[in-house]
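Every number here is computed from the coordinates shown, using simple stated rules; none is lab data. This one's a predicted model, so the numbers in the text were calculated from it and none came from an experiment. Cβ sites come from the backbone with ideal geometry, for glycine too, and all protein chains shown count toward neighbours.
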Amino acid sequence: MPIRLVAIDLDDTLLRHDLTISNKTLDIITKIKDKGILVTVASGRTHLSSQRFIDQLDIRIPVISCHGAIIRDNISGEIIYRKVIESSLAAEVVKRILADGLHCQIYIRDEIYTADLEKWEKYCKTVSSFQPTKADLLEIITQEKEGAEKILVIGEEDLVFRKYMEYKPLFQDRIYLATSKPSFLEMSNKEVNKGAAVAFLAERFGILREEVFAIGDGLNDLEMIKYAGIGVAMGDGHPDLKEAACYVTGTNDEDGVAEALGKFVL
């Protein structure tokens, strides 16, 4: 069955380590779009943080942001799908994270807030080209009537893994936890993941899951890879993702996305 929808993760997948997209990958995505195949981005970033790459790819269909918590029409700017961690639960989680002395960020629409701007400011600018707003996180979240799309913990790799194992039994019945990078622990609404978001888009366009191609590198791509008719893992992706994928391609610096698109889509 031919592919009709392509969903691509950004960081460590489409983007090389210098945060650029290779000409080879851009060329093959253009050829795929010229065939009438729909292409979108599915990222843990906010829409605003992803915008320069969305524009570079000239994506005209809705884009998945915040790990699947938001889907925004890239032409009209309309949010067509949004699920949040409701405010009281988000406050409980943030309170625990801050008590543990961890760096925490909360995502509300296109705004990102943190209580500790200095420690990870340079890292955030390098990775995502954004600067969070310094704020009292508990005050921000209690003032927000609906809640937050995402709560992000950033730390050293071993610390993030320990906290993932510690928080999972505490919160997994109420929120979704996943690591996108070894130093990133992401939390979102229990029903939120990239797979659910891609399924929403596929249904919107009348596309079967067998007609979906998805590619990523992290555990937060797992549901998307499992959902897609063809799910591909990057060569340096998480071992669990590679085990679930139907194909393992090259790394992001080896044009792994172009390789997989050429093999299965073009």
Checklist entry - Looking at the chain, what % of its DSSP beta bridges pair antiparallel, to the nearest 5? => result 60
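Would you mind checking the pairs Lys168/Lys194; Lys31/Lys226; Lys35/Lys194; Lys168/Lys226 and listing those with alpha carbons more than 23 angstrom apart?
Lys31/Lys226; Lys35/Lys194
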Checklist outcome for this item: In whole Hz, the Karplus estimates of ³J(HN,Hα) for the stretch 134-146 (6.51, -1.76, 1.60; θ = phi - 60°; x where Gly or Pro) are 6, 7, 7, 5, 5, 5, 4, 6, 6, 7, 7, 5, 8
Checklist entry - If you take the square roots of the eigenvalues of the alpha-carbon gyration tensor of the stretch 140-225 and sort them as a ≥ b ≥ c, do you get rounded (a/c under 1.5), prolate (a/b over b/c) or oblate? => result oblate
Checklist entry - Any idea which of Cys66, Gln131, Ile207 is furthest toward the positive side of the dipole for the chain, if Lys and Arg beta-carbons carry +1 and Asp and Glu beta-carbons -1? => result Ile207
Checklist entry - Short version: ³J(HN,Hα) in whole Hz for each residue of the stretch 94-109, in order, from phi by Karplus 6.51 cos²θ - 1.76 cosθ + 1.60 (θ = phi - 60°), x for Gly and Pro, what are they? => result 4, 4, 5, 5, 5, 5, 7, x, 9, 6, 10, 10, 10, 10, 10, 6
Checklist entry - Among Cys66, Cys104, Cys246, what is the fewest-to-most ranking by other Cβ atoms within 10 Å? => result Cys246, Cys104, Cys66
Checklist outcome for this item: the stretch 32-96, Kirkwood Rh and Cα Rg, ratio Rg/Rh at 1.11
Checklist entry - How far is it, in nm, from the label point at Glu139 to the one at Glu156 when both lie 7 Å from their Cα along the line to the Cβ? => result 3.2
Checklist outcome for this item: Rg from C-alpha atoms of the chain, normalised by the globular rule of thumb 2.2 N^0.38 Å, equals 0.96
Item to check | Descending semi-axes in Å of the stretch 47-195, equivalent ellipsoid built from Cα gyration tensor | outcome: 24, 18, 15
Next on the checklist: Per residue of the stretch 19-32, what does 6.51 cos²θ - 1.76 cosθ + 1.60 with θ = phi - 60° give for ³J(HN,Hα)? Whole Hz please, x for Gly and Pro, Karplus curve as stated.
Outcome noted: 6, 10, 10, 5, 4, 4, 5, 4, 5, 6, 5, 4, 5, 5
Checklist entry - Got a sec? How would Leu19, Leu201 order by Cβ neighbour count within 10 Å, fewest to most? => result Leu19, Leu201
Item to check | Amide proton proximity set for Ile80, modelled H, under 5 Å, gap of 5+ | outcome: Ile71, Arg72, Asp73
